[in-house]
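The structure appears right after this line, and notes come after that.
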Amino acid sequence: MSQPFNDIQQVEMAIRAAQKMVGQATKSMNPEQIETATNALNDAKAQLQDAAKYEMSGELGAYSRDLITKLEHQLHEAKE
């Protein structure tokens, strides 16, 4: 396996983990879970930015960026 492929897999896993945490946090509205979800989402965003170095663009990149944007909005709404 090549390094770019492994990095892309890491991004996908980070986004899935953040998605799950955001869902749990917004259901419970627990401030600690919301903070943990925010951190997970920030980590996923950072990994996505790093993966852009390996040409993670196209449909997968666009989908990942859209999903992160939606998760950010969901967390923003939960914090208000």
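The values are calculated or read from the model by the stated rules, or taken from the named source; none is laboratory data. Bear in mind that the values here come from a model prediction, so they are computed numbers and not experimental data. Ideal geometry is used to build each Cβ from the backbone, glycine not excepted, and the neighbour counts take in all protein chains shown. Calculation scope for accessible area: heavy atoms of the full protein, side chains included, ligands and nucleic acids excluded. Shrake-Rupley method; radii C 1.70, N 1.55, O 1.52, S 1.80 Å.
Per residue, how much accessible area does the chain have with a 1.4 Å probe, in Å²?
It amounts to 67 Å² per residue over the chain.
Please list 3J(HN,Hα) in residue order for the range 60-67, calculated via the Karplus relation 6.51 cos²θ - 1.76 cosθ + 1.60 where θ = phi - 60°; whole Hz, with x for glycine and proline.
5, x, 5, 4, 4, 5, 5, 5
Taking the highest mean first, how do the peptides 18-24, 68-74 order by number of other beta carbon atoms within 10 angstrom per residue?
18-24, 68-74
Too long at a 23 Å Cα-Cα cut-off: which of LYS20/LYS79; LYS20/LYS53; LYS27/LYS53?
LYS20/LYS53; LYS27/LYS53
Helix-only mean residue ellipticity at 222 nm, the chain, DSSP H runs n ≥ 4 weighted -39,500 (n - 2.57), per residue, nearest 500. What is it?
-30500 deg cm²/dmol
So what is Rg over Rh here for the range 34-80, counting just Cα atoms and using Kirkwood for Rh?
1.03
Obtain the nm distance between the two label points defined at HIS73 and MET13 by a simple spin-label model: each point lies 7 Å from its Cα along the Cα-to-C-beta direction.
Simple spin-label model gives 2.9 nm for this pair.
Tell me, what ³J(HN,Hα) does each residue in the range 73-80 have, in order and in whole Hz, if you take phi through Karplus 6.51 cos²θ - 1.76 cosθ + 1.60 with θ = phi - 60° and put x for Gly and Pro?
4, 4, 5, 4, 5, 5, 6, 7
Show me, bin by bin at 5 Å from 0, the whole-percent P(r) of the chain based on Cα pairs.
For the chain, the pair-distance distribution reads 3, 17, 28, 21, 14, 9, 6, 2, 0.
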